[in-house]
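A short worksheet on the structure shown next.
The values are calculated or read from the model by the stated rules, or taken from the named source; none is laboratory data. Quantities reported herein were computed from a predicted structural model and do not represent experimental measurements. With ideal geometry, Cβ positions are generated from the backbone for all residues, glycine too; neighbour counts draw on all protein chains shown. Ligands, DNA and RNA are excluded from the accessible area calculation, which covers all protein heavy atoms including side chains. Shrake-Rupley method; radii C 1.70, N 1.55, O 1.52, S 1.80 Å.
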Amino acid sequence: MTVTFQLNGERCRFHEDPMTPLLDVLRREKFLTGAKAVCREGFCGACTVHVDGEPMMSCLKPVGLVSGCSVTTIEGLSSGDQALHPLQAAFEAADVVQCGMCFPGMVMSLSAFVRDNPEATRPQIKTAMAGNICRCTGYERIIDAVADYLAVQKAGSQAKEAAHV
Amino acid sequence: MDMQDGPERIFESAATVAEAVAARASGAAVLAGGTWTMRDPRRGVTLPERIVALSKIAELQSIEVFDDRISIGASVTHSLLAGAVSEIVGLEGLAAAATGAANPAIRRVATVGGNLCATEFAAADLVPALLALDAEVELALADGPRLLPLSEFLKARAALLKTALLTRVIVRRDVIASAHIRLPLRKAGDYPVAIVSVARSSDGTVRVAVGSVEPVARRWTALEAALGGKVATAEEAQALAEKTNDFIGRDGIETEGWYRREVLPALVRRAFAALRKGGAA
């Protein structure tokens with residue numbers, strides 16, 4: 001069985017076992033090593049990618065189930081010669097970028113979260129991170145940065161609206 | 001586990017319920033979101049050689065809300081369920097179960113049917129929530145559909161699922177308030193040590209269900225009988241729970257069996273306190 005899906009905007013085919021975790025296809029076949037294989041049980045979130053725009057654990061996603069889907073990994077969120085995703089830029093500016101083990105997964109979870117929840121409160125940000133574990137316990141400054149990012153976005157959209165009045 | 005090893009796996013995407021039932025009857029394992037099955041290798045279990053995926057069957061992905069009941073397709077995810085029932089009076093417990101289970105990325109994928117059909121998954125949140133609501137399940141079999149109470153389904157689950165596909169869950173809307181109290185050791189995605197779900201119907205009936213304490217969730221009939229349809233305060237319910245605690249806790253990674261049993265009266269108190277506030281915990 002051949003599984004065909006979009007991977008970071010390009011067509012991708014996989015010809016082996018459809019029950020192979022998407023994570024292993026990404027890392028072993030496509031050499032996209034931003035998603036990390038840590039717990040392989042859906043608890044830690046280090047393997048989070050977007051499937052059709054929604055953050056999911058690639059360790060528990062059989063590649064057969066992404067047939068026809070669009071998969072975006074941390075490498076596809078912004079490639080090296082493009083501007084960073086605005087949340088990545090905010091993380092860099094706030095100096096909250098952590099080591100590469102948990103952080104790609106956090107960016108994948110939170111980039112979708114800020115897109116869908118522009119009014120999120122601090123407890124809601126924390127709840128959104130419940131599936132992204134950092135064993136170094138680096139959370140609070142990331143939560144601060146997400147809250148600041150949302151506040152800046154909100155101020156920006158309010159300023160735009162005021163300009164149109 | 002090398003992805004090149006082993007015989008070629010048969011992976012079929014069913015287009016209809018009938019196709020899925022036929023595949024199941026001939027030995028294929030049913031794959032919904034995959035969050036349980038994909039951990040088979042971690043449990044020392046080999047992944048099934050033949051798989052039938054449900055993801056292309058549109059009719060299993062709908063939630064229908066009627067005046068007297070809601071009908072939930074087996075492939076509805078926890079996050080879709082949470083969105084659909086969070087504003088429905090009486091279903092506060094089900095909304096809490098769908099919102100509180102696991103973590104956001106799992107809730108986007110894990111399905112209602114998977115939660116009810118993973119026979120080894122003692123800590124499933126939706127099972128006690130739906131038991132408290134006295135839900136029914138619809139099964140598809142080769143000779144047609146069959147409707148049976150969730151409690152009956154749970155007793156015969158492994159045998160039934162050899163030939164049947166769980167297609168829908170039906171919840172009557174005669175419940176006026178419900179609550180779902182779970183106790184994880186840490187908030188971040190842990191399996192709950194114990195779960196207490198309660199629901200009060202318009203006729204005054206109170207149902208209590210317990211999950212994660214024994215291998216399979218069940219109604220707490222001794223406590224229900226002791227309550228006798230009275231409107232108990234949280235403290236009264238706790239006292240009755242202490243007297244009627246007939247659970248035998250299972251040992252597990254998170255905690256030992258005695259602890260799961262011991263926390264139940266406190267969770268009953270919290271559940272009844274939430275029930276008196278209209279369900280919100």
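Think of each Lys and Arg Cβ as +1 and each Asp and Glu Cβ as -1; about the Cα centre, that makes the dipole of chain B roughly 460 debye.
Helix content alone sets the calculated 222 nm mean residue ellipticity of the protein assembly as shown: runs of n ≥ 4 DSSP H residues at -39500 (n - 2.57) each, divided across all residues, give -9000 deg cm²/dmol.
Taking packing as the residue-averaged number of other Cβ atoms within 10 angstrom, the listed peptides A:5-17, B:40-52, B:104-116 run from highest to lowest as B:104-116, A:5-17, B:40-52. Among the helices of chain B, those built from whole DSSP H runs whose Cα atoms reach 15 Å or more along their own axis and whose mean Kyte-Doolittle hydropathy is at least -0.5 are B:264-276. A Förster distance of 35 Å, applied to the separation of the beta-carbon atoms of B:R172 and B:A58, puts the FRET efficiency at 0.90. Among the residues of the range A:84-130, those with an accessible-area drop of 50 Å² or more from chain alone to full protein complex, heavy atoms and 1.4 Å probe, are A:A130. For peptide B:97-107, the mean count of partner chain Cβ atoms within 10 Å of a residue's Cβ comes to 6. Heavy-atom accessible area buried between chains A and B is around 2500 Å² (1.4 Å probe, both sides summed). When the listed pairs A:K61/B:K187; B:K162/B:K243; A:K126/B:K162; A:K36/B:K162; B:K155/B:K243 are checked against a 32 Å cut-off, the alpha-carbon distance exceeds it for B:K162/B:K243; A:K126/B:K162; A:K36/B:K162. Each Lys or Arg adds one and each Asp or Glu takes one away; over the other residues whose Cβ falls under 12 Å from the Cβ of B:A124, this sums to 0.
Assuming a ≥ b ≥ c are the square roots of the Cα gyration tensor eigenvalues, decide whether the protein assembly as shown counts as rounded (a/c under 1.5), prolate (otherwise, with a/b larger than b/c) or oblate. Note, shape of the protein assembly as shown comes out oblate.
Among the trypsin sites (Lys or Arg not before Pro) within the range B:220-281, those in coil by DSSP and having at most 15 neighbouring Cβ atoms inside 10 Å are B:K230, B:K277. Note on the range B:42-63 and the range B:16-39: Cα centroid distance 4 Å, given to the nearest whole angstrom. Loop-resident trypsin sites (Lys or Arg not before Pro) (DSSP state other than H, G, I, E or B) in the range A:83-150 with no more than 16 further Cβ atoms inside 10 Å of their Cβ: A:R135.
Across peptide B:8-19, the mean count of Cβ atoms from other chains lying within 10 Å of each residue's own Cβ comes to 3. Rounded to whole numbers, the Karplus 3J(HN,Hα) couplings from phi for the range B:70-77 are 10, 10, 10, x, 5, 8, 5, 7 Hz, using 6.51 cos²θ - 1.76 cosθ + 1.60 with θ = phi - 60°, and x at Gly and Pro. Only aspartates and glutamates eight or more places from B:K56 in sequence, or on another chain, were considered; those with a Cα closer than 13 Å are B:E12, B:E19. Taken residue by residue and averaged, Cβ atoms of other chains lying within 10 Å of the Cβ of A:64-74 number 3. Neighbours of A:N132, meaning other residues whose beta-carbon lies under 12 angstrom from its beta-carbon, give a summed charge of +3 when Lys and Arg score +1 and Asp and Glu score -1. The mean accessible area for residues of the protein assembly as shown, using a 1.4 Å probe and ignoring ligands and nucleic acids, is 45 Å² per residue. Toward the positive end of the charge dipole of the protein assembly as shown, with +1 on the Cβ of Lys and Arg and -1 on the Cβ of Asp and Glu, the farthest Cα among B:C117, A:Q153, B:S197 is that of B:S197. Computed in the context of the full set of protein chains, the accessible area of the protein assembly as shown at 1.4 Å probe radius has 53% of its extent on carbon or sulfur. Rounded to whole numbers, the Karplus 3J(HN,Hα) couplings from phi for the range B:44-53 are x, 10, 6, 4, x, 7, 10, 10, 10, 8 Hz, using 6.51 cos²θ - 1.76 cosθ + 1.60 with θ = phi - 60°, and x at Gly and Pro.
Cross-link partners of A:K30 among aspartates and glutamates, defined as those whose alpha carbon lies under 15 angstrom from its own and excluding same-chain residues fewer than eight positions apart: A:E10, A:E16, A:E75. Counting charges near A:I143 (Lys, Arg +1; Asp, Glu -1) among other residues having Cβ under 15 Å from its Cβ returns a value of 0.
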